[in-house]
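Notes follow the structure.
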Amino acid sequence: MLRIGFISLGCPKNLVDSEKIMGLLLKEGYKIVHPEDADVVIINTCAFLDLARKENHAVIERWEGKGKKIIIAGCLVTYYGEEINRVFPFISGSIGIADLSKISQVLRKPSFFFSKNGNNYLTERVLTTFPRAYLKISEGCSNRCSYCLIPELRGEYRSYPPELLLAEARVLAESGVKEIVLVGQDTAIYGKEWEEWSLARLIREISKISGIEWIRVMYLHPRHITQELIECVAENEKVVKYLDIPIQHCNDEILARMNRGITKRELFHLFPDLRSKIRNLTLRTTVMVGFPGEGEKEFKELKSFLEEMEFERVGVFAYSQEPGTPASFFKDQVDEKVKEVRREEIYSLQKEIMEKKNREIQGKVLKVLIEEKEKDYWIGRSERDAPEIDEVVKVKGDVKIGEIVKVKIKKVGEYFLEGEAL
Ligand code: SF4
C-alpha cells in the first residue's frame, strides 16, 4: 500500500479538510507517514492572497524531482482550474475543494479534478490539534466582499447537515477533545437553508454533548449576528465568552465599496450592545488598511474607532489587489508603502490596548486549557485566546494536557500570561 505524506497549508478550514482526507485514506488502508518517507505527498494549498500563492508555489516546487508523486488539493487547485497541471507539469493529480472524496481515485490513476461547488463533507478524520478541534460547519461564501477571492475559490455558501456535525462532535468528545472551535467563512449564517436550524441551535445541541467543555465561535460576519445568537453565547456556560467578528473597516464609503452590507452606525451600536449583554466578553476583529480610496481621513476614522471600541484582539492586514476581484479594478489604489505605515500604526495602537487589558488581568484567576508541555512550563490558552492567533498562558503546577484548570495570573509578558495552577 502506498505511504502518504501530508502538508497542510492555509487556514483552519483547510486543516480540517486535510484531517478528513487523511481519515479517508487511513480507512482505505493507506499509511500516513512523514512526507520525507512517503511515496506520495499531498499538499493542501491556500490561494487567498498573492503572497500566499507565492509561498504555496515555493512549497510545491520544493518537492519536484524528489522521486515522489505530488498531488495538490485546496484553493490553488480551484484558482488555476484546468491550468493546474500546466502550472505544475510535474504533479500527478489534483483535487478541488469539492472533490475531497476523489483522492483515492487520483492515487490509483493520475487525474485532475478542480471543482469548487458541491458537497464535500467527509466523516473520517485524523485529529492533529488535540485537545482542541476545529469543527468546520459550512463551505464556501456568497457574501461577495469586493476584495475577496474566497467565493471564486471555495464556491457558493452551503451549511453542512447538522446531524453529521453533531455526530462528528460526539466522536471528537469521545476522543477526549475539550474545546470545539466552530469555523466557516461566515459562521453567523449557519443553517440558513433550513427553517428550524441556526448557529445558536447548533451550539445548543453541541453543548449537550458530554466531554465538550468549551465551544468557541470564529468568523462571524457583523451583519448576520442575531439576538438569538447573543442570548445563546451569554447564557450557555459551555460557550466561551469570546467572539471573532471581522469588520474590515468602519468608514461608510469604504464599507459600501467593500460590499460589507453594514454601516458605521450599526457597528458602533453592535459592540457596546454585545459587551452589555455578554459578561467578560473578549472581542476579536480583523481590519484592512489601504483599501482603494482610503485617504488619511478615512484611516484616522478607523484608528479612532479601534481606540473607542478597545477590542481585546485585532488582526490587521494591508489590502491586496487580487486579480479578478471587483476592488482590483477600483481607481485610487493606495501606495504599498502607505499601506505598510498604516498597518504598523494599527499594530502599535493595538499592542498598547492589549497591554493595558493584560495589566487588568494580573492577579486574576482564569480557566486555562492545557495543551502542551515546554521545558519548565505547561502551555495553555484561556477563554480569551483562540488557537494559533492569540496569546498563550504559561502555567506552573501539577496539571496535564487536556485539563481545564484554574490559574492565578502572576505575570504579564509580551503575548503571553504566566501563572500558577490552583
Ligand atoms: S465574508 Fe469573508 S470569505 Fe466571504 S466574501 Fe467576505 S471576506 Fe470573503
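How much length is gained if the chain between L164 and E196 is pulled fully straight, taking 0.36 nm per residue apart and subtracting their Cα-Cα distance, in nm to one decimal?
9.9 nm
Residues K375, K20, sorted by accessible area with the largest first, give K375, K20 [1.4 Å probe; ligands and nucleic acids excluded].
In loop segments of the stretch 193-263 as defined by DSSP, the GluC sites (Glu not before Pro) with at most 16 further C-beta atoms inside 10 Å of their C-beta are E193, E195, E196, E237. Once every Cα of the stretch 50-134 carries one equal point scatterer and solvent is ignored, give the base-10 log of I(q)/I(0) from the Debye formula at q = 0.10, 0.12, 0.23, 0.24 Å⁻¹, two decimals. The Cα Debye sum returns log10 ratios of -0.28, -0.40, -1.18, -1.22. For F90, neighbours were defined as the other residues whose beta-carbon sits under 11 Å from its Cβ, and their charges (Lys and Arg +1, Asp and Glu -1) total +1.
Between K411 and N280, the distance separating the two model label sites (each 7 Å from Cα on the Cα→Cβ line) works out to 2.4 nm.
Remark: accessible surface ordering of K408, K300 (largest first) is K300, K408, probe radius 1.4 Å. Judged by the ratio a/c of the largest to the smallest principal axis of the C-alpha gyration tensor, the stretch 1-159 counts as oblate, that ratio being 1.5 or greater while a/b is no larger than b/c. Computed on protein heavy atoms with a 1.4 Å probe, the accessible areas place K297, K102 in the order K297, K102, largest first. Size of the chain from its Cα atoms: along the principal axes, largest to smallest, the extents are 58, 58, 48 Å. Based on the alpha-carbon gyration tensor of the stretch 236-348 and its eigenvalue square roots a ≥ b ≥ c, which shape applies: rounded if a/c is under 1.5, prolate if not and a/b is larger than b/c, or oblate? Taking the square roots of the gyration eigenvalues as a ≥ b ≥ c, the stretch 236-348 is prolate. Can you send over the carbon and sulfur percentage of the accessible area for the stretch 132-360, probe radius 1.4 Å, protein chains only? Roughly 52 percent, rounded to a whole number.
Within the chain, the longest segment free of exposed loop sites, counting chymotrypsin sites (Phe, Trp or Tyr not before Pro) that fall outside DSSP classes H, G, I, E and B and have at most 13 other Cβ atoms within 10 Å, spans 195-414.
With equal scatterers on the alpha carbons only and no solvent term, can you work out the Debye log10 of I(q)/I(0) for the stretch 362-421 at 0.26 1/Å? Log-scaled intensity ratios, in q order: -1.09. Sites listed here are GluC sites (Glu not before Pro) in the stretch 62-170 whose DSSP assignment is loop and whose Cβ has at most 16 other Cβ atoms within 10 Å: E64, E124, E156. For the chain, the mean residue ellipticity at 222 nm estimated from helices alone is -10000 deg cm²/dmol, where every DSSP H run of n ≥ 4 contributes -39500 (n - 2.57) and the total is divided by all residues, rounded to the nearest 500.
The values are calculated or read from the model by the stated rules, or taken from the named source; none is laboratory data. Bear in mind the structure is a predicted one, so any value in this text is a computation, not a measurement. Cβ coordinates were reconstructed from backbone atoms using ideal geometry, including for glycine residues, and neighbour counts include every protein chain displayed. The accessibility values were calculated without ligands, DNA or RNA, using every heavy atom of the protein model including side chains. Shrake-Rupley method; radii C 1.70, N 1.55, O 1.52, S 1.80 Å.
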